[in-house]
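The values are calculated or read from the model by the stated rules, or taken from the named source; none is laboratory data. A quick note: this is a predicted structure, and the numbers were derived from the prediction, not measured. When we count neighbours, we look across all protein chains shown, and the Cβ atoms used for this are built from the backbone with ideal geometry, even at glycine.
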Amino acid sequence: MKPLHCTRTITTMRGLFAVALLLSTIGSSALAQDQLQRDLDVPYVPTRPAVVDKMLDIANVSKDDMLFDLGSGDGRIVITAAKERGARGVGVDLNPQRIAEARANAKKAGVEDKVKFVVGDLFKTDFSEADVVTLYLLPHINVKLRPQLWEQLAVGSRVVSHDFDMGPEWPPERTEQVEGKTVYLWTITPENKKAVKVAGNRAQ
Ligand SMILES: C[S@@+](CC[C@H](N)C(=O)[O-])C[C@H]1O[C@@H](n2cnc3c(N)ncnc32)[C@H](O)[C@@H]1O
């Protein structure tokens, strides 16, 4: 059984996401809707600055890292990693409006040479060069993405998620709390790579 505080957090987050989805649907113009390749899997809810810092801390992000934020919103995680830690980064978002905001924010922050923002579907993205992948998605989207993370990422790469875990089959190696939010960390292991190979062989 899930602890009560955990269930409450997920319920609150689902509520927040539902409100965000409703507001974004009401607020977005017909043109913006037309620009979307398909419906969003997750509505836009930005990560608060203290949580961004905790996500970068838990993964020990440094100048040697290439960070991918899958569903990058206004680019804040990628931009903070570049500005404050010297990392390079890529943000991917299905919503062109978010990508335009992220590019403007990167320019304002003076990190355009270190970051790139791409309109795209995270499920169709090649993120294999990432040392760190950051996520603020939803529980079922994390679980759906899990085999792609195991397949694409090298052993030793880190995955960080704001608020949501990866299901019972992939327990986090560490969690941290900040401002009432949970940040999860996983590191890709040889066992993860083997498991995805075995699943692939079985499917053939
Ligand atoms: C909860 S927001 C997180 C934004 C940012 N990562 C942050 O933490 O501040 C989720 C983002 O995922 C984007 N998104 C939803 N479905 C997507 C998909 N299939 N591929 C890429 N981006 C997607 C949304 O447009 C939204 O900006």
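Residue selection: residue 114 fails the criterion of being within 11 Å of the ligand (Cβ to nearest atom) and either buried (at least 22 other Cβ atoms within 10 Å of the Cβ) or under 25 Å from residue 156 (Cβ atoms) (or both). Determine if the range 82-104 includes at least one residue that is free of Cβ contacts under 8 Å to residues at least 12 places away in the same chain and away from the ligand (no atom under 14 Å from the Cβ). Within the range 82-104, one or more residues are free of Cβ contacts under 8 Å to residues at least 12 places away in the same chain and away from the ligand (no atom under 14 Å from the Cβ).
A quick yes/no check of all residues on (1) surrounded by fewer than 13 Cβ atoms within 10 Å (Cβ to Cβ); (2) outside the structural domain of residue 81 (by TED's automatic domain parsing); (3) out of contact with any strand residue (DSSP E or B) (no Cβ under 6 Å at 6 or more places or on another chain):
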residue: 136; (1), (2), (3): no, no, no
residue: 141; (1), (2), (3): no, no, yes
residue: 146; (1), (2), (3): no, no, yes
residue: 156; (1), (2), (3): yes, no, yes
residue: 161; (1), (2), (3): no, no, no
residue: 172; (1), (2), (3): no, no, no
residue: 184; (1), (2), (3): no, no, no
residue: 192; (1), (2), (3): no, no, yes
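Every listed requirement among (1) in contact with an Asp or Glu (Cβ under 8 Å, 6 or more places away or on another chain); (2) in a helix (DSSP H, G or I); (3) closer than 30 Å to residue 198 by Cβ; (4) not small (Gly, Ala, Ser) is met by residue 67 save one, (2). A single entry from 165, 121, 65 fulfils the requirement of being more than 16 Å from residue 184 (Cα to Cα) and away from the ligand (no atom under 11 Å from the Cβ): 65.
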